[in-house]
Every structure is written in structure tokens, then in C-alpha cells.
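Only one structure is covered here, and it is reproduced in the block below.
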Amino acid sequence: MVTRTDATTRRQQILKEAARLFAERGFHGVGVDEIGAAVGISGPGLYRHFPGKDAMLAELLVGISGQLLTGGRRRVEECPGDPAALLDSLIEGHIDFALDDRPLIVLHDRELDRLRDSDRKLVRQLQRQYVELWVETVRARYATLTEVEARTAVHAVFGLLNSTPHLRRPDAPPSRAAAAALLHRLARGAFDAAAQ
């Protein structure tokens, strides 16, 4: 008997493999049979979990945007009245995403335009709210920055952190901890520089 937890886990496995395959070969370069084979079920068996590849892509991109926003809001609640600690916490959370969910960064860059208009608008709405959390935090931490300067700095730091899919060096990849520490220093350095 398949339990609800088993079905949830299977859905997560499918999404993880779909993200990996879509990032490697592009949305149109991957068929449902390949996604099914990657998780040990038939391609048609995927339709018990998703109506199609479009639904998988939408759930991946809307889902990660929602997770980032939810995580950001949780961090705001955990660091009341301490903008420096909150900024460090937001940076750490985004670094975790950037290092652990690299395929989703690639998907967002390459495949966002493939979403239905309503899903694409939802992704953008969630992202705007996430950016606003950061802008408010940066302005609280660096009082000299204007809103435009803070917003520009936030987007620049996102660009820096979201460059992680390009960090692959097969000859000498840095450890995750070393990469996270370096990215954190770079992000804080960028904000410090913006406030000078």
C-alpha cells in the first residue's frame, strides 16, 4: 500500500531528477520516459504525479521562489532588531539555495519563459517580495544607502551568489564549506562597498 508520505517522497524524487535533467539538456531535450527512468518508473507512470512536463517545471520554479520567500520571512522573525545578523542570515540562506539547488538556477535562467503566464507572474511576484525583504534589511543595516542603491546592491549580490552553476571545476572543486564562506565574504564585501 502506498502511503501519502511515499507519494510525497516520489513526487520530490521526480522533481529533483526533472530539475537535473532539464538543467543538463533543456526542457525540450528531455522526455517523460527519461524522467521516469531516472526515478525507476515508467514515463506514463509520471502522470499519476503530474499532468505533464509543464506542470513539473511550474512546480519547480514557483516552488523554489516560494521557499526562498518563506525562508526569508522566517529569518526576519528570528532576528528582530538586529539588521547585521539578519543580513548574514539572509546571505547564508541564499548561499544554501545557490549551492544546493544549482539546477534550479539554470532552469530559472533558461526556462522561465516556458511557464504559463499565470505561473510566470506568480514567480515574479514571489521574487519581488523576496527582494523587498533584502532591500529593507540592507537599508536598515546601511542607513546611507538610498532605496535605489540598496535594490541595485541586492540584485548584484543575487547575481554573484547565483553564479554558482559556473563554479564547476572538475580538477579542484572547493569544498562546500569553503565555497559558502567565500561567497558570504564576497556578498558582505559587496554591500560594504556599496555603502562607502
Could you please find all residues in segment 9-26 being over 17 Å from the mean Cα position of the chain (by Cα) and of a type in the set (D, E, K, R)?
-> Arg10, Arg11, Arg25
Which of the residues that make up segment 90-110 are of a type in the set (Gly, Ala, Ser) and under 9 Å from the mean Cα position of the chain (by Cα)?
-> Ala98
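Per-residue answers, yes or no, for (1) out of contact with any Lys or Arg (no Cβ under 7 Å at 6 or more places or on another chain); (2) under 27 Å from Leu15 (Cβ atoms); (3) exposed (fewer than 12 other Cβ atoms within 10 Å of the Cβ):
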{"residue": "Ile105", "(1), (2), (3)": "yes, yes, no"}
{"residue": "Val123", "(1), (2), (3)": "yes, yes, no"}
{"residue": "Val148", "(1), (2), (3)": "yes, no, yes"}
{"residue": "Leu182", "(1), (2), (3)": "yes, no, no"}
Is it the case that some residue within segment 126-146 is at pLDDT 95 or above, open to solvent by 70 Å² or more (accessible area, probe 1.4 Å), more than 29 Å from Glu59 (Cα to Cα) and out of contact with any Leu (no Cβ under 8 Å at 6 or more places or on another chain)?
-> yes
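So, Val76, is that one among the β-branched types (Val, Ile, Thr), at pLDDT 95 or above and over 13 Å from the mean Cα position of the chain (by Cα) or not?
Here the answer is yes, as Val76 does meet what is asked.
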Residues located in segment 25-60, provided they are in a helix (DSSP H, G or I), in contact (Cβ under 8 Å) with a residue 60 or more places away in the chain and either open to solvent by 70 Å² or more (accessible area, probe 1.4 Å) or farther than 14 Å from Leu115 by Cβ (or both) = Asp54
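Can you tell me how many residues within segment 150-163 are under 16 Å from the mean Cα position of the chain (by Cα) and open to solvent by 30 Å² or more (accessible area, probe 1.4 Å)? Quick ask: steps written out before the conclusion?
Let us first name the residues in segment 150-163 that are under 16 Å from the mean Cα position of the chain (by Cα), namely 154-163.
Subset that is open to solvent by 30 Å² or more (accessible area, probe 1.4 Å): 155-156, 159-160, 162-163.
Of the residues in that region, 6 qualify.
Would it be correct to say that Ile64 is part of a helix (DSSP H, G or I) and either open to solvent by less than 70 Å² (accessible area, probe 1.4 Å) or of a type in the set (Lys, Arg) (or both)?
Working: part of a helix (DSSP H, G or I): yes; either open to solvent by less than 70 Å² (accessible area, probe 1.4 Å) or of a type in the set (Lys, Arg) (or both): yes.
Judged against the criteria, Ile64 is a match.
The values are calculated or read from the model by the stated rules, or taken from the named source; none is laboratory data. All values derive from a computational prediction rather than experimental measurement. Because the Cβ atoms are built from the backbone with ideal geometry, glycine has one as well, and the counts that use them run over all protein chains shown. For the accessible areas, the whole protein counts, side chains as well, though only heavy atoms, and no ligand, DNA or RNA atoms are used. Shrake-Rupley method; radii C 1.70, N 1.55, O 1.52, S 1.80 Å.
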